[in-house]
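Written below as structure tokens is the structure these notes are about.
Each value in this text was obtained by applying a stated rule to the coordinates, not by laboratory testing. Values in this document were obtained by computation on a predicted structure and should not be read as measured data. Quick reminder, even Gly has a Cβ in these numbers, built from the backbone with ideal geometry, and neighbours come from all protein chains shown.
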Amino acid sequence: MKLTVNGTEHDVDVEDDMPLLWVLRDELNIKGVKYGCGVAQCGACTVHIDGEAVRSCQTAAADVWGEVTTIEGLGTPDAMHAVQSAWVEHQVAQCGYCQSGQIMQAAALLATNPAPTDADIDDAMNGNLCRCGTYPRIRAAVKTAATKLQEV
Amino acid sequence: MSRIGKIARRSFLVGSAAVVGGVAFGYYAYKRPVANPLLAGLAEGEAALTPYVKIDSTGITLITPRADSGQGAYHVQAALIAEELDVELDQVHVDPGMPDPAYYNTALSAEAAPFRSTDDGLVADTTRGIMDAMMKFMGLQITGGSTTVPDSFEKLRLAGAVARETLKAAAAQETGANVADLTTAKGAVILPGGGTLAYTELAATAATLDPVNNVTLRDPSTWRLVGKEMERIDILAKSTGTQRYGIDFEVEGMVHASVRTSPRRGAMNSYDATTARDMRGVIDVVELSDGVAVIADNTWRAMQAVNSIDIDWAPAAYPAEQAEHWQALSDSFNADQQDSRFRDDGDVDAALEGAEVIEAEYRAPYLAHAPLEPISALVQVSDDRADVWTGTQIPRFVQSNVAKLTGLDTDQVFVHVLVMGGSFGHRLEDRVVREATQIAMQIKGTPVKLTYSREEDTLQNDTRQIAMARGRGAVKDGRVEAYDLGIAMPSVIASQMGRQGMPTPGPDLQIVAGAWEQPMQIPNYRVTGYRAPELAPISSWRAVGASTNGFFHDVFLDELIHAAGADPMEERLRLCWHDASRKTLEAAAEMSGWGTDLGPNKGRGVAFCMSFGVPTAEVVEVSNVDGAIKIEKVWVAAEVGRVIDPINFENMVQGGINWALGHAMNSEITYSDGMADQRNYYDFEGMRLAQSPEIFVRGLENGDTVRGMGEPMVPPAAAALSNAIFAATGQRVREMPMAKHIDFV
């Protein structure tokens, strides 16, 4: 089947029910997307499909309905997305394993809600688990990113 | 003889710290220099000036042997070396190095000695020194016990200084300048005329010199990095999805594996893998000593196939049902099972005789570590070497265990420590490596990456200990007069070290850690540890014994203070004799506005615990929203001697508070039919963002000793929460998870 990831089209030979997560990680060697729970409980595998945040561990390869963007496609160390640079500015990460998913979730939130309230942030980000507990910095970074995006 | 050959025969002091310690405590026999492990693999033109600094013509590598499970350990270690070496953090590579006795952990041994952190006496210091020498003998390269900063603080700065002075000596030899006229900055020696010689250019000459070991550490007032806000060395990678973790690591020709071993932690009776063998991508199904693994061409295919296998598991060696575990603890409060009574001040029995005795019982459950990255290990075994790539806190145990399994010598086993997506103590165990090695031995020459499913990670978790405490106390004239606390738990250390085949004679300090050594002068004060029988496998979980005992000790104290009618802050301050500890309470009171009116349906609780030598006071503020508790704010004040990086410090402490409170509210592991009932984050979630409070942190720097803060924020947190709930509602919560007894928003 054909998949477009970060602007590049790939032809992959996988089972229809292989989760997008594993197509990305093991077939396309895109490792920024993380496996944490496999059952949409932690958010580490969050990617965008046509801009919408989805849990790639619960999205079957055959069901992918649009263009996939992973953290690598959002921005790069040399050209970061505003959410990523806010994450650097606030030094959010501890172990960092959840942060790809956090950043993808936050980017999708800000794309539809440019000025989220505290309650909006709590609602949108509550499905993304951070076992290191960096939540105070995640909240602050989302707000900084919102400001940065509005300035653009 | 080549220059390298000449150097290789020479040993290096691991910085002068060993000299300082040795002289002070007089155990000269153990003071022998440790061989520098970097010398073995050096190429022509490379210099390894100390075991922590390697320089060649292309770059500078700092060796950071304490594992980074996410709390910035690599960053902190690099900053300590860079401070004295005069390099910028963006000029260096950081490498955890190979396991080696040179990297033994000095500070961990201090925690193993039965002396209070507040005890500065000669006997206490000498005993800590002897424990230190034993640790060096055993070469235990372990990351744990909040020891990375204490262990590294002097050692790594000395390593940087020795390397810097040796490079200056090399520059003097090359240019004929006087060493006294040379300075250093940004990875280069600056010559009297203003010209510079990069360290990389000096490596070849430096390699021919004796290291300059006679160095003096710089005065803290001149520090460029330590104590200042820094950008963590890994923050860019971790914000752009470019950080590679153990689970991401790949080597050429690698295959994937997934495993199932007994959820009852015992034997496998039989299995039927007929379906699995025919599934797409499956390469082989292999039997392990206590389970079965599937080797496949993709992680998901391996997991799918292993889950299709029908397996009959033997019964567990421990009680099958949770109620039996609690009963075993309840039955342990007797003289025969008494493990320790290091605290016995005054005469508790006499003080309680005839007094109105206040009694309470407390419980703390098993808890999983559940770091977000499921554990994994990549192993390749051939006839003459084995390579292991994994995130581990115990590389020397891993090396030794792989050697035993494969029949290779330990120096034929190469352990490459990878970045970890969290640990919290989980990676002090190495069963994933042992299983991956068993699989790799059956497919020799092919690298195999074993990745646990989240469910397997939960079922095979060696959890936090289960623990129970019973308090009896009395008050008199508005003061706490008698305090008697008994704590029962199985021995964490015996369970954990038992899996490494190491005996652990004597009492287990962890049974009473966070309780017996508290700096409180209660007239009649006793803390007794009772050793429960070994139950389900347990291991070190962030703060270890103190994670449960800090809750027990302080909540019971709070109950007595309320019974006495005293103010919780004032009475703790009155009881506390240790100046540095009092200052943490005073700071927490000031930060939280203790004593000001909160209005209705709100409450504040304070708790104090000294653990890992760090006095930590915390205040929690809660509100009662229509019968459900919301944690609003938390204030933390901790005495650490020196904060290395204020930003990382604050983030780590805030995270630790969320860790402690999330589990205290929401989480437990329980057993039915010999298996953990929980499988994944839907039934073991800890803290999520919406419940996370505002958290204010202050690191105090009044003490002489530098301490690590990876764990000490945990023990007081649940106690402060319980005490706050009592203040807001009048309901005393004595068991975790607290959600069993009270609703949370």
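Look at where the Cα atoms of the stretch A:70-112 and of the stretch A:1-16 average out, and the two centres are 24 Å apart.
Note that the protein assembly as shown shows a convex hull volume over its alpha carbon atoms of 172 Å³ per residue.
Entry for the stretch B:669-731 at q = 0.15 Å⁻¹: log10 I(q)/I(0) = -0.84, Debye formula applied to identical alpha-carbon scatterers, no solvent contribution. Connecting C-alpha atoms closer than 10 Å in a GNM of chain A, tell me which of A:E15, A:E52, A:E72 has the biggest fluctuation. Evaluated over chain A, the most mobile residue of the options is A:E15. Could you check which residue among A:V23, A:V39, A:V83 shows the biggest mean-square fluctuation in a GNM of chain A with a 10 Å Cα cutoff? Of the options given, A:V39 has the highest mean-square fluctuation. Backbone phi angles across the stretch B:232-244, fed through the Karplus curve with coefficients 6.51, -1.76 and 1.60 (θ = phi - 60°), yield HN-Hα couplings of 4, 4, 9, 5, 5, 4, 7, 9, 10, x, 9, 6, 9 Hz in residue order; Gly and Pro are listed as x. Given the C-alpha centroids of the stretch B:348-402 and the stretch B:722-736, what is the distance between them in whole angstrom? For the stretch B:348-402 versus the stretch B:722-736, the Cα centre distance is 29 Å. Judged by the mean number of other Cβ atoms found within 10 Å, the most tightly packed of the peptides B:579-588, B:295-304, B:727-736 leads the ranking B:295-304, B:579-588, B:727-736. Net charge of the neighbourhood of B:V94, taken over other residues with C-beta under 15 Å away and scored Lys/Arg +1, Asp/Glu -1, is -3. Cβ-to-Cβ counts within 10 Å put A:I103, B:I725 in ascending order as B:I725, A:I103, the fewest first. Determine the distance separating the Cα centre of the stretch B:440-511 from the Cα centre of the stretch B:614-628; give it in Å without decimals. Going from one Cα centre to the other spans 27 Å.
Packing, as the average of other Cβ atoms within 10 Å across residues, places the peptides B:608-618, B:638-648, B:277-287, B:348-358 in the order B:608-618, B:638-648, B:277-287, B:348-358, highest first. With contacts taken as Cα pairs under 8 Å and at least 6 residues apart, the stretch A:2-73 reaches a relative contact order of 39 percent. Working from label points 7 Å from Cα in the Cα-to-Cβ sense, the B:E534 to B:E590 distance is 5.0 nm. Most mobile of A:W22, A:W65, A:W87 per a Gaussian network model of chain A (Cα springs, under 10 Å)? Looking only at A:W22, A:W65, A:W87, the largest GNM fluctuation is found for A:W65. For chain B, the residue among B:A317, B:V381, B:H663 whose Cα projects farthest onto the positive side of the dipole built from Cβ charges is B:V381. Using C-alpha pairs under 8 Å with a sequence gap of at least 6, the mean separation divided by the residue count of the stretch A:76-151 gives a relative contact order of 48 percent. Across peptide B:689-698, the average count of Cβ atoms from other chains found within 10 Å of a residue's Cβ is 5. With K and R counted +1 and D and E -1, the other residues having a Cβ less than 15 Å from that of B:A739 yield a net charge of 0.
Modelled spin-label separation between B:T216 and A:V12, with each label point placed 7 Å from Cα along the Cα-to-Cβ direction: 6.3 nm. Taking the empirical scaling 2.2 N^0.38 Å for compact globular proteins as reference, the stretch B:618-745 has a Cα radius of gyration ratio of 1.15.
Here the stretch A:2-73 is treated with +1 on each Lys and Arg Cβ and -1 on each Asp and Glu Cβ, and its dipole about the Cα centre works out to around 420 debye. Per-residue shielding of A:77-89, expressed as the average number of other chain Cβ atoms within 10 Å of the residue Cβ, stands at 3. Across peptide A:24-36, the average count of Cβ atoms from other chains found within 10 Å of a residue's Cβ is 5. The charge dipole of chain B, taken about its Cα centre with unit charges on the Cβ of Lys, Arg, Asp and Glu (plus for the first two, minus for the last two), comes to roughly 1220 debye.
Along its first, second and third principal axes, ordered by size, the stretch B:513-604 spans 48, 32, 27 Å in Cα coordinates. Ellipticity at 222 nm from helices only: DSSP H runs of n ≥ 4 in chain B, each -39500 (n - 2.57), divided by the residue count, give -9500 deg cm²/dmol.
Counting neighbouring Cβ atoms within 10 Å and putting the fewest first, the residues A:Y135, B:Y682, B:Y52, B:Y271 line up as B:Y682, B:Y271, A:Y135, B:Y52. Computed 3J(HN,Hα) for the stretch B:440-454, one whole-Hz value per residue from the Karplus formula 6.51 cos²θ - 1.76 cosθ + 1.60 where θ = phi - 60°, is 4, 5, 8, 9, 3, x, 9, x, 10, 9, 9, 10, 6, 6, 4, glycine and proline marked x.
Once the other residues with Cβ under 9 Å from the Cβ of B:I647 are scored (Lys, Arg +1; Asp, Glu -1), what is the net sum? Net charge in that neighbourhood comes out at -3.
Each of A:G73, A:G36, A:Q58 was placed along the dipole of the stretch A:2-73 (beta-carbon charges, centred on the mean Cα), and the one lying farthest toward the positive end is A:G36.
Coupling constants for the stretch B:521-535 follow from the phi torsions by the Karplus curve (6.51 cos²θ - 1.76 cosθ + 1.60, θ = phi - 60°), and in residue order they are 9, 8, x, 10, 9, 9, 10, 10, x, 10, 8, 6, x, 5, 10 Hz; glycine and proline get x.
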